[in-house]
Amino acid sequence: MSTRPKPAGPARILVAVYAVLAIAATGRSAFQIVDRFDEAPIAFTLSALAAVVYVVATLALAFRRDLLAWITIGFELLGVLVVGALTVFAPDVVGLGEVALTDRAFGRESTVWALFGLGYLCVPLVLPVIGLLYLGRGRRTAAITG
Amino acid sequence: MIDVFTVILVGAAVLAGLLCVVLGLLGRPPADLSVLALVVVEVLLLAQVVIAIVAPFSGNPPTGNLGEFWVYLATACLMPPAAIAWALTDRTRWSTVVLGVAALAIAVMAYRMNQIWNVQLG
(Lines give C-alpha, C1' and ligand atoms only; values in the text may rest on other atoms or scores of the structure.)
Protein backbone atom coordinates (compact mmCIF):
# COMPACT_ATOMS: atom_id res chain seq x y z
CA MET A 1 0.00 0.00 0.00
CA SER A 2 2.77 2.42 0.88
CA THR A 3 4.64 1.90 -2.39
CA ARG A 4 1.89 3.07 -4.74
CA PRO A 5 3.56 5.30 -7.32
CA LYS A 6 2.05 8.76 -7.67
CA PRO A 7 0.67 9.54 -11.13
CA ALA A 8 3.55 10.56 -13.38
CA GLY A 9 3.81 12.52 -16.61
CA PRO A 10 0.67 13.50 -18.48
CA ALA A 11 -1.51 11.76 -15.88
CA ARG A 12 -0.82 14.72 -13.62
CA ILE A 13 -2.68 16.93 -16.11
CA LEU A 14 -5.66 14.61 -15.73
CA VAL A 15 -5.53 15.08 -11.93
CA ALA A 16 -5.26 18.87 -12.34
CA VAL A 17 -8.18 19.11 -14.77
CA TYR A 18 -10.27 16.86 -12.50
CA ALA A 19 -9.42 19.13 -9.56
CA VAL A 20 -10.59 22.22 -11.48
CA LEU A 21 -13.84 20.51 -12.48
CA ALA A 22 -14.39 19.27 -8.91
CA ILE A 23 -13.98 22.82 -7.56
CA ALA A 24 -16.25 24.27 -10.27
CA ALA A 25 -19.01 21.71 -9.74
CA THR A 26 -18.82 21.87 -5.92
CA GLY A 27 -18.84 25.66 -5.76
CA ARG A 28 -21.65 26.07 -8.22
CA SER A 29 -23.96 23.38 -6.86
CA ALA A 30 -23.40 24.49 -3.25
CA PHE A 31 -24.34 28.03 -4.22
CA GLN A 32 -27.39 26.97 -6.23
CA ILE A 33 -28.68 24.81 -3.34
CA VAL A 34 -28.19 27.55 -0.74
CA ASP A 35 -29.51 30.35 -2.95
CA ARG A 36 -32.39 28.84 -4.98
CA PHE A 37 -32.94 25.14 -4.27
CA ASP A 38 -36.70 25.45 -4.89
CA GLU A 39 -36.25 26.49 -8.53
CA ALA A 40 -34.94 23.12 -9.73
CA PRO A 41 -34.55 20.70 -6.78
CA ILE A 42 -33.90 17.56 -8.84
CA ALA A 43 -31.34 19.21 -11.13
CA PHE A 44 -29.48 20.83 -8.20
CA THR A 45 -29.45 17.56 -6.20
CA LEU A 46 -28.00 15.71 -9.20
CA SER A 47 -25.49 18.52 -9.54
CA ALA A 48 -24.39 18.13 -5.90
CA LEU A 49 -24.08 14.36 -6.39
CA ALA A 50 -21.94 14.97 -9.50
CA ALA A 51 -19.74 17.37 -7.50
CA VAL A 52 -19.11 14.79 -4.75
CA VAL A 53 -18.23 12.16 -7.36
CA TYR A 54 -15.75 14.55 -9.04
CA VAL A 55 -14.05 15.22 -5.69
CA VAL A 56 -13.76 11.47 -4.95
CA ALA A 57 -12.54 10.75 -8.51
CA THR A 58 -9.87 13.47 -8.21
CA LEU A 59 -8.59 12.00 -4.93
CA ALA A 60 -8.76 8.42 -6.28
CA LEU A 61 -6.65 9.43 -9.31
CA ALA A 62 -4.17 11.46 -7.24
CA PHE A 63 -3.60 8.69 -4.68
CA ARG A 64 -3.84 5.78 -7.13
CA ARG A 65 -6.86 4.07 -5.69
CA ASP A 66 -7.57 2.51 -9.07
CA LEU A 67 -10.73 0.56 -8.22
CA LEU A 68 -12.33 3.66 -6.73
CA ALA A 69 -11.22 5.63 -9.78
CA TRP A 70 -12.83 3.05 -12.13
CA ILE A 71 -16.11 3.23 -10.19
CA THR A 72 -16.30 7.03 -9.88
CA ILE A 73 -15.16 7.82 -13.42
CA GLY A 74 -17.49 5.13 -14.83
CA PHE A 75 -20.33 6.66 -12.81
CA GLU A 76 -19.48 10.09 -14.25
CA LEU A 77 -19.60 8.85 -17.82
CA LEU A 78 -22.97 7.20 -17.12
CA GLY A 79 -24.17 10.37 -15.35
CA VAL A 80 -23.24 12.79 -18.11
CA LEU A 81 -24.81 10.53 -20.76
CA VAL A 82 -28.07 9.91 -18.85
CA VAL A 83 -28.51 13.44 -17.47
CA GLY A 84 -27.31 14.92 -20.77
CA ALA A 85 -29.93 12.94 -22.69
CA LEU A 86 -32.67 13.79 -20.16
CA THR A 87 -31.95 17.52 -20.31
CA VAL A 88 -32.18 17.45 -24.11
CA PHE A 89 -35.09 15.06 -24.70
CA ALA A 90 -37.08 14.91 -21.42
CA PRO A 91 -36.33 18.06 -19.37
CA ASP A 92 -39.56 17.58 -17.35
CA VAL A 93 -38.06 14.53 -15.64
CA VAL A 94 -35.31 16.64 -14.03
CA GLY A 95 -37.64 19.57 -13.39
CA LEU A 96 -36.31 21.81 -16.19
CA GLY A 97 -39.33 21.61 -18.50
CA GLU A 98 -39.98 25.34 -18.16
CA VAL A 99 -36.39 26.34 -18.88
CA ALA A 100 -35.35 27.27 -22.44
CA LEU A 101 -32.88 24.89 -24.11
CA THR A 102 -29.88 27.25 -24.05
CA ASP A 103 -30.59 28.28 -20.44
CA ARG A 104 -30.32 24.63 -19.40
CA ALA A 105 -26.62 24.83 -20.33
CA PHE A 106 -25.71 28.46 -19.60
CA GLY A 107 -28.45 29.99 -17.42
CA ARG A 108 -29.05 30.12 -13.68
CA GLU A 109 -30.54 26.58 -13.60
CA SER A 110 -27.56 25.15 -15.47
CA THR A 111 -25.72 22.21 -13.92
CA VAL A 112 -22.52 20.39 -14.71
CA TRP A 113 -24.06 17.46 -16.64
CA ALA A 114 -26.84 19.41 -18.39
CA LEU A 115 -26.77 19.14 -22.21
CA PHE A 116 -23.77 16.78 -21.96
CA GLY A 117 -21.72 19.40 -20.09
CA LEU A 118 -22.04 22.04 -22.82
CA GLY A 119 -21.84 24.84 -20.22
CA TYR A 120 -18.40 23.48 -19.28
CA LEU A 121 -17.24 23.26 -22.93
CA CYS A 122 -18.12 19.52 -22.95
CA VAL A 123 -15.18 18.79 -20.63
CA PRO A 124 -17.49 16.65 -18.40
CA LEU A 125 -18.21 14.42 -21.44
CA VAL A 126 -14.62 14.09 -22.70
CA LEU A 127 -12.82 13.80 -19.35
CA PRO A 128 -14.26 10.45 -18.14
CA VAL A 129 -13.42 8.87 -21.53
CA ILE A 130 -9.79 10.02 -21.21
CA GLY A 131 -9.81 8.92 -17.55
CA LEU A 132 -11.02 5.41 -18.39
CA LEU A 133 -8.48 5.10 -21.25
CA TYR A 134 -5.73 6.10 -18.80
CA LEU A 135 -6.86 3.56 -16.20
CA GLY A 136 -7.09 0.84 -18.88
CA ARG A 137 -3.58 1.60 -20.11
CA GLY A 138 -2.23 1.54 -16.53
CA ARG A 139 -3.77 -1.89 -15.98
CA ARG A 140 -2.19 -3.34 -19.14
CA THR A 141 1.20 -1.91 -18.16
CA ALA A 142 0.85 -3.37 -14.67
CA ALA A 143 -0.04 -6.77 -16.16
CA ILE A 144 3.10 -6.72 -18.32
CA THR A 145 5.56 -5.44 -15.74
CA GLY A 146 4.16 -6.95 -12.59
CA MET B 1 -18.03 45.74 -13.69
CA ILE B 2 -15.92 47.32 -16.35
CA ASP B 3 -16.24 45.43 -19.62
CA VAL B 4 -12.87 46.62 -20.91
CA PHE B 5 -11.18 45.25 -17.80
CA THR B 6 -12.89 41.86 -18.28
CA VAL B 7 -11.55 41.79 -21.85
CA ILE B 8 -8.03 42.52 -20.52
CA LEU B 9 -8.35 39.87 -17.78
CA VAL B 10 -9.74 37.18 -20.11
CA GLY B 11 -7.15 38.08 -22.77
CA ALA B 12 -4.23 37.93 -20.32
CA ALA B 13 -5.45 34.63 -18.85
CA VAL B 14 -5.88 33.05 -22.31
CA LEU B 15 -2.41 34.25 -23.40
CA ALA B 16 -0.81 33.02 -20.16
CA GLY B 17 -2.67 29.71 -20.53
CA LEU B 18 -1.61 29.12 -24.13
CA LEU B 19 1.98 30.18 -23.37
CA CYS B 20 2.28 27.73 -20.45
CA VAL B 21 0.61 24.85 -22.31
CA VAL B 22 2.94 25.35 -25.31
CA LEU B 23 6.05 25.69 -23.10
CA GLY B 24 5.03 22.57 -21.19
CA LEU B 25 4.45 20.52 -24.32
CA LEU B 26 7.85 21.70 -25.61
CA GLY B 27 9.33 20.04 -22.54
CA ARG B 28 10.16 23.11 -20.44
CA PRO B 29 9.87 22.73 -16.66
CA PRO B 30 8.26 25.68 -14.83
CA ALA B 31 10.57 28.71 -15.06
CA ASP B 32 10.48 32.47 -14.49
CA LEU B 33 8.47 33.12 -17.67
CA SER B 34 5.67 30.62 -16.99
CA VAL B 35 5.40 31.43 -13.26
CA LEU B 36 5.45 35.20 -13.96
CA ALA B 37 2.61 34.76 -16.49
CA LEU B 38 0.48 33.36 -13.66
CA VAL B 39 1.62 36.15 -11.31
CA VAL B 40 0.38 38.70 -13.88
CA VAL B 41 -3.01 36.94 -13.96
CA GLU B 42 -3.14 36.99 -10.13
CA VAL B 43 -2.36 40.73 -10.03
CA LEU B 44 -5.17 41.39 -12.53
CA LEU B 45 -7.54 39.27 -10.40
CA LEU B 46 -6.66 41.33 -7.31
CA ALA B 47 -7.32 44.49 -9.35
CA GLN B 48 -10.68 42.92 -10.21
CA VAL B 49 -11.36 42.49 -6.47
CA VAL B 50 -10.74 46.22 -5.92
CA ILE B 51 -12.95 47.11 -8.90
CA ALA B 52 -15.76 44.86 -7.63
CA ILE B 53 -15.63 46.51 -4.19
CA VAL B 54 -15.54 50.07 -5.54
CA ALA B 55 -17.89 49.77 -8.55
CA PRO B 56 -21.22 49.58 -6.63
CA PHE B 57 -20.32 52.84 -4.83
CA SER B 58 -19.58 54.69 -8.05
CA GLY B 59 -22.86 54.06 -9.82
CA ASN B 60 -22.05 50.66 -11.33
CA PRO B 61 -24.08 48.17 -9.27
CA PRO B 62 -24.36 44.48 -10.19
CA THR B 63 -27.64 43.43 -11.81
CA GLY B 64 -26.96 39.73 -11.29
CA ASN B 65 -26.25 37.78 -8.11
CA LEU B 66 -23.43 39.39 -6.13
CA GLY B 67 -22.86 36.37 -3.86
CA GLU B 68 -22.35 34.06 -6.83
CA PHE B 69 -19.96 36.62 -8.34
CA TRP B 70 -17.79 36.65 -5.20
CA VAL B 71 -17.67 32.83 -5.00
CA TYR B 72 -16.24 32.82 -8.53
CA LEU B 73 -13.79 35.66 -7.87
CA ALA B 74 -12.51 34.24 -4.56
CA THR B 75 -11.99 30.80 -6.12
CA ALA B 76 -10.21 32.34 -9.11
CA CYS B 77 -7.86 34.28 -6.81
CA LEU B 78 -6.81 31.03 -5.08
CA MET B 79 -5.95 29.22 -8.32
CA PRO B 80 -2.65 30.89 -9.38
CA PRO B 81 -1.06 30.38 -5.90
CA ALA B 82 -2.21 26.73 -5.91
CA ALA B 83 -0.87 26.15 -9.44
CA ILE B 84 2.45 27.88 -8.62
CA ALA B 85 2.79 25.80 -5.43
CA TRP B 86 2.25 22.69 -7.58
CA ALA B 87 4.91 23.95 -10.02
CA LEU B 88 7.44 24.57 -7.24
CA THR B 89 7.06 21.11 -5.70
CA ASP B 90 6.94 19.14 -8.95
CA ARG B 91 9.50 20.50 -11.37
CA THR B 92 8.56 18.62 -14.50
CA ARG B 93 7.24 19.88 -17.83
CA TRP B 94 3.74 18.69 -16.85
CA SER B 95 3.63 21.28 -14.08
CA THR B 96 4.02 23.94 -16.77
CA VAL B 97 0.92 22.53 -18.48
CA VAL B 98 -0.88 22.60 -15.11
CA LEU B 99 -0.05 26.34 -14.85
CA GLY B 100 -1.65 26.75 -18.28
CA VAL B 101 -4.75 24.77 -17.34
CA ALA B 102 -5.23 26.99 -14.27
CA ALA B 103 -4.91 30.17 -16.38
CA LEU B 104 -7.42 28.89 -18.97
CA ALA B 105 -9.88 27.97 -16.20
CA ILE B 106 -9.52 31.52 -14.84
CA ALA B 107 -10.32 32.92 -18.30
CA VAL B 108 -13.61 30.98 -18.34
CA MET B 109 -14.39 32.07 -14.77
CA ALA B 110 -13.70 35.75 -15.55
CA TYR B 111 -16.09 35.54 -18.50
CA ARG B 112 -18.76 33.99 -16.24
CA MET B 113 -18.18 36.70 -13.59
CA ASN B 114 -18.87 39.43 -16.12
CA GLN B 115 -22.03 37.58 -17.19
CA ILE B 116 -23.23 37.27 -13.59
CA TRP B 117 -22.59 40.97 -12.92
CA ASN B 118 -24.18 42.32 -16.09
CA VAL B 119 -26.97 39.97 -17.07
CA GLN B 120 -30.22 40.11 -15.18
CA LEU B 121 -31.21 36.47 -15.11
CA GLY B 122 -34.57 36.98 -13.43
> Among the numbered criteria (1) at pLDDT below 90; (2) under 24 Å from residue B:101 (Cβ atoms); (3) β-branched (Val, Ile, Thr), which single criterion is violated by residue A:45?
Replying inline: (2)
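Results for (1) surrounded by fewer than 16 Cβ atoms within 10 Å (Cβ to Cβ); (2) modelled with pLDDT under 80, shown as yes or no for each residue.
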| site | (1), (2) |
| --- | --- |
| A:62 | no, no |
| A:69 | no, no |
| A:81 | yes, no |
| A:95 | no, yes |
| A:100 | yes, yes |
| A:115 | no, no |
| A:118 | no, no |
| A:122 | yes, no |
| A:144 | yes, yes |
> Among the numbered criteria (1) at positive phi; (2) crowded, with 21+ Cβ neighbours inside 10 Å; (3) not polar (S, T, N, Q), which single criterion is violated by residue B:27?
Replying inline: (2)
> If only one of A:19, A:50, A:30 is in a helix (DSSP H, G or I), closer than 30 Å to residue B:94 by Cα and facing chain B (nearest Cβ under 9 Å), which one is it?
Replying inline: A:19
> Conditions: (1) touching a residue at least 40 places away in the same chain (Cβ under 8 Å); (2) part of a loop (DSSP other than H, G, I, E, B); (3) under 30 Å from residue A:36 (Cβ atoms). Residue B:72 meets all but one. Number of the miss?
Replying inline: (2)
> Counting only residues that are in a helix (DSSP H, G or I) and over 17 Å from residue A:122 (Cα atoms), how many does segment A:54-91 have?
Replying inline: 17
>> Can you pull out every residue in segment B:77-122 that is hydroxyl-bearing (Ser, Thr, Tyr) and either assigned to a loop (DSSP other than H, G, I, E, B) or at the interface with chain A (Cβ under 8 Å from one of its Cβ atoms) (or both)?
In response: B:92, B:95
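A quick yes/no check of all residues on (1) at pLDDT below 85; (2) within 21 Å of residue B:74 (Cβ to Cβ); (3) surrounded by fewer than 13 Cβ atoms within 10 Å (Cβ to Cβ); (4) in contact with a Phe, Trp or Tyr (Cβ under 6 Å, 6 or more places away or on another chain):
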| position | (1), (2), (3), (4) |
| --- | --- |
| A:4 | yes, no, yes, no |
| A:8 | yes, no, yes, no |
| A:16 | no, yes, no, no |
| A:24 | no, yes, no, no |
| A:27 | no, yes, no, no |
| A:33 | no, yes, no, yes |
> How do the pairs read when you match residues in segment A:55-82 that are at positive phi with residues anywhere that are at pLDDT below 95, using Cβ under 9 Å and keeping only pairs 6 or more apart or on different chains?
Replying inline: A:64/A:4; A:64/A:5; A:64/A:6; A:64/A:7; A:64/A:138
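Would you check which residues across segment A:7-35 are among the β-branched types (Val, Ile, Thr) and touching a Leu at 6+ places or on another chain (Cβ under 7 Å) and list them?
First, the residues of segment A:7-35 that are among the β-branched types (Val, Ile, Thr): A:13, A:15, A:17, A:20, A:23, A:26, A:33-34.
Listed by number, the residues that qualify are A:15, A:17.
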> Among the residues of segment B:44-76 satisfying the criterion of being within 14 Å of another protein chain (Cβ to nearest Cβ) and aliphatic (A, V, I, L, M), which is nearest to residue B:119 (Cα to Cα)?
Replying inline: B:66
>> What's the total number of residues in segment B:30-59 that are of a type in the set (S, T, N, Q) and either surrounded by 14 or more Cβ atoms within 10 Å (Cβ to Cβ) or at pLDDT 95 or above (or both)?
In response: 2
>> Take the conditions buried (at least 21 other Cβ atoms within 10 Å of the Cβ), farther than 28 Å from residue A:30 by Cα and modelled with pLDDT under 95 and apply them to residue B:16. Does it pass?
In response: no
> Limited to segment A:34-63, what total is found for residues that are out of contact with any helix residue (DSSP H, G or I) (no Cβ under 9 Å at 6 or more places or on another chain) and under 23 Å from residue A:136 (Cβ atoms)?
Replying inline: 1
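The values are calculated or read from the model by the stated rules, or taken from the named source; none is laboratory data. No experiment lies behind these values; they were computed from the predicted model shown. Ideal geometry is used to build each Cβ from the backbone, glycine not excepted, and the neighbour counts take in all protein chains shown.
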